[in-house]
1. Are any residues in region A:117-136 open to solvent by 80 Å² or more (accessible area, probe 1.4 Å) and of a type in the set (A, V, I, L, M, F, W, C), and if so, which ones?
2. Can you find even one residue in region A:19-36 that is within 16 Å of DNA strand C (Cβ to nearest atom) and more than 13 Å from chain B (Cβ to nearest Cβ)?
3. Mind listing whichever residues of region B:120-146 are in a helix (DSSP H, G or I) and more than 8 Å from chain A (Cβ to nearest Cβ)?
4. So A:ALA47 ticks every box in (1) near DNA strand D (Cβ under 10 Å from one of its atoms); (2) among the small types (Gly, Ala, Ser); (3) within 30 Å of B:GLY30 (Cβ to Cβ) but one. Which box is left unticked?
5. Where residues in region A:148-157 are loosely packed, with under 12 Cβ neighbours inside 10 Å and over 18 Å from the mean Cα position of the chain (by Cα), which of them is farthest from the other protein chains (Cβ to nearest Cβ)?
6. In region A:43-84, what residues are free of Cβ contacts under 8 Å to residues at least 24 places away in the same chain, of a type outside the set (A, V, I, L, M) and within 12 Å of DNA strand C (Cβ to nearest atom)?
7. Given B:SER143, B:SER139, which one is open to solvent by 50 Å² or more (accessible area, probe 1.4 Å), away from DNA strand C (no atom under 12 Å from the Cβ) and at pLDDT 95 or above?
2 protein chains.
Amino acid sequence: MDIDTIEDKKYTDSIFYETFLTGKYIKKIGEQLFCKLNFDFSAEEFAAMDFLYQSSGICQRDLAVKMLVDRANMGKILNSLEKKGIVKRVLALKGNRPVKMVNLTKIGEEAYVDIVEELRTLLNDITDEITENDVEVISLGLSKIRGVLGKLLKIDI
Amino acid sequence: MDIDTIEDKKYTDSIFYETFLTGKYIKKIGEQLFCKLNFDFSAEEFAAMDFLYQSSGICQRDLAVKMLVDRANMGKILNSLEKKGIVKRVLALKGNRPVKMVNLTKIGEEAYVDIVEELRTLLNDITDEITENDVEVISLGLSKIRGVLGKLLKIDI
DNA sequence: AAATACATGTTGCAAATGCAACAGTAATAT
DNA sequence: ATATTACTGTTGCATTTGCAACATGTATTT
């Protein structure tokens, strides 16, 4: 085999960059959709609400890890949600450490359910095109990517 | 089948959110790696250099579309690269429209090649774990995701 | 030909995000 | 017991990013 035929793919042709771009794409679509539908929340705020609806009573740091934002930013997102009456913070102990447990308020739950309902009617037919098998395969691939990169560098939050 | 057993997956359990998170993860790893290696460029700047190395003489807007950033931001990224002597902008015509064609300078090409070389030695063994088949499958899946979301909303840059 | 619409790039402001430094508390070391 | 280290959350600042408005030049409409 001729050595000249061996050529590296450029970074922007790599699966890493494509994944990065697709993530950006999802973010943009999400933000613009939320704006268009006059939701009073950013996509990150909604993600926080989604996590809290599943597992209420989680501390700020654990939520930050799930959302891949740093503690400072997590605090600011929660400040915004708290101002809107969506979440409530309560001092508590995790192990023996003092933490702030975050909970959805009644208002927060209602707002969350409303958004989910509105999104469902909008997304139902569209997302049908992605089969369960698709999801499984993509998810496996993404997890492999994260695994590989995780060996390179650790992100601590 | 009992209706109560039918339950929607939460947003943060969806393939969309997982893809979004993985993109964020890649971005963070990239930025921190570039910082750790004392590269004088952000990951977005390097991506621009990578595109320009492939297809020199592209106008700002076309580059912005490839990178999924808006024209204003693209201009600022290129300002930064121009200040460092990496790129050069030349007035030209695309069709009959006056545009600014962007080119890598000699210095830019050298800096780019240096970085690629340093990254290769670092990434070679690690990325072997992701097979060509993996890449193909993931890429197909991501493209399906973009296709589905693209029907929902259009992003114009 | 004049007016309107479109395309490209820039500027200024606002929002989002991250980082470093700090405060407060608990665990560990000495 | 005291000092040091580690964990959680906050504050302030700097950077990044996007959006709206603008300037400039081209295409299209009338």
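1. Hits for region A:117-136: nothing passes.
2. Of all residues in region A:19-36, those within 16 Å of DNA strand C (Cβ to nearest atom) come to A:20, A:23-36.
In the following step, the residues that additionally are more than 13 Å from chain B (Cβ to nearest Cβ) were identified as none.
There is no residue in region A:19-36 that is within 16 Å of DNA strand C (Cβ to nearest atom) and more than 13 Å from chain B (Cβ to nearest Cβ).
3. First, the residues of region B:120-146 that are in a helix (DSSP H, G or I): B:120-127, B:132-146.
Matches in region B:120-146: B:THR121, B:ASN124, B:ASP125, B:GLU132, B:ASN133, B:GLU136, B:LEU140, B:SER143.
4. Of everything listed in (1) near DNA strand D (Cβ under 10 Å from one of its atoms); (2) among the small types (Gly, Ala, Ser); (3) within 30 Å of B:GLY30 (Cβ to Cβ), A:ALA47 misses just condition (1).
5. To start, the set of residues in region A:148-157 that are loosely packed, with under 12 Cβ neighbours inside 10 Å comprises A:151, A:154, A:156.
Applying the additional criterion that residues be over 18 Å from the mean Cα position of the chain (by Cα) yields A:151, A:154.
Numbers: A:LYS151: 6, A:LYS154: 9 Å.
Looking at residues that are loosely packed, with under 12 Cβ neighbours inside 10 Å and over 18 Å from the mean Cα position of the chain (by Cα), I get A:LYS154.
6. A:ASN73, A:GLY75, A:LYS76, A:ASN79, A:LYS83
7. Details: B:SER139 fails: open to solvent by 50 Å² or more (accessible area, probe 1.4 Å).
Selected residue: B:SER143, the only one of B:SER143, B:SER139 that is open to solvent by 50 Å² or more (accessible area, probe 1.4 Å), away from DNA strand C (no atom under 12 Å from the Cβ) and at pLDDT 95 or above.
The values are calculated or read from the model by the stated rules, or taken from the named source; none is laboratory data. Treat the numbers as computed from the prediction; the structure is a model and nothing was measured. Because the Cβ atoms are built from the backbone with ideal geometry, glycine has one as well, and the counts that use them run over all protein chains shown. The accessibility values were calculated without ligands, DNA or RNA, using every heavy atom of the protein model including side chains. Shrake-Rupley method; radii C 1.70, N 1.55, O 1.52, S 1.80 Å.
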